[in-house]
Structures are given as structure tokens and as C-alpha cells.
């Protein structure tokens, strides 16, 4: 029985995502978890930007939605906005990245926006993560805004998955060949 439990525990640990194993370790488990989740979705977004051929960046499933490139730019713009708010800044939504059209510009914008958020994560602890900030007229905690940014990014990754599937591209989250 003890051997079965040991094997079961080993199998369970092998299947738990790395971010879940490392996130709860340390002095700031809540902040670490939100940051690890951010890194997970960012990786998928960046791999999407690098995987999709540049000629599909203008693709729109319907005329009334953002193009694939526009969606990547929107994600970068939102990171700058929401991480700025989490850091106590005033909401100023600049849609500068959404207007970019090339892969090089958009990959650079995504990396820059991720770096902006990383600075906020580096300054965030579980203790100051409860600091109230103004999220569009609604009081939120600093860490709550960072978690909202993750949700927003996951939402748009779902959009990108649909765009890729419509063009017969296997999304990074489904690509087992990596």
C-alpha cells in the first residue's frame, strides 16, 4: 500500500503544471501564483505571435472584429494599461500597439508590455497586493488587477485560438510537438 501511495504521489507531482508547483513556494504565494499564471498565458501569446505567418496578421474572421495582429496589439496595450493601474497609475488607454501590423513590431510590443508587468510583479507582495487601486471607477486590489489582466489575456488567447483554427493552424496550447 505504501509503495502504491508513493507511486501515486510521484505520478501526481509529474502531472501538476510547473507553475502550480513553484507558485506556492516562498514568502508571497498569492502573488507568485498570479505571476506564474501570467507567465503561462504570456508564453502562449508570444508563441502564437511567432507561429502565425505574418501574412495572416491582417486576418479577421468577420469584418466587425479585430484582425489577428490587432488582437495581439490590443493585448500589449492592455498589459501596459492594467499593469499601470495595478501600480497605482491613472487609467490611460493608448492604442498604440493595436495599430502595428508587422510580426517584428508586435512581438517587440508584447515583450515590452510583459516587461512593464514584470516590474509591477517584482514590486508586489502578498501584503501590498491588497493595496486598493481604482479600476475604471471600481475599487480593486493591486493583485486583483493583475489577476484581471490574466483573465483578459486568457480571453483573447481564446480568440486567437479560434483565428488559428479557422486557418488550420494548431494553437500552441494544443501543439504536442513542442
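Here, each number is a calculation from the coordinates, and none is a lab measurement. Everything quoted here is computed from the prediction, not taken from an experiment. Note that we place each Cβ from the backbone using ideal geometry, even for glycine, and neighbour counts take in every protein chain shown.
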Sequence-separation-based contact order of region 2-166, relative, with Cα cut under 8 Å and 6+ spacing, percent: 25 percent
Length-normalised contact order for region 118-163 - Cα pairs under 8 Å, 6+ apart - percent: 24 percent
Relative contact order for region 93-145: what percent, with Cα pairs under 8 Å and sequence separation of 6 or more? 20 percent
Quick P(r) readout (region 24-178; Cα-Cα; 10 Å bins; whole %) gives 11, 40, 32, 15, 2
Extension gain residue 104-residue 175, at 0.36 nm per residue separation less the Cα-Cα distance, in nm? 23.3 nm
Estimated FRET transfer efficiency when R0 is 41 angstrom, pair residue 64-residue 27 (beta carbons, to 0.05): 0.30
Residue 159 and residue 111 label points (each 7 Å along its Cα→Cβ direction) are spaced in nm at 2.4 nm
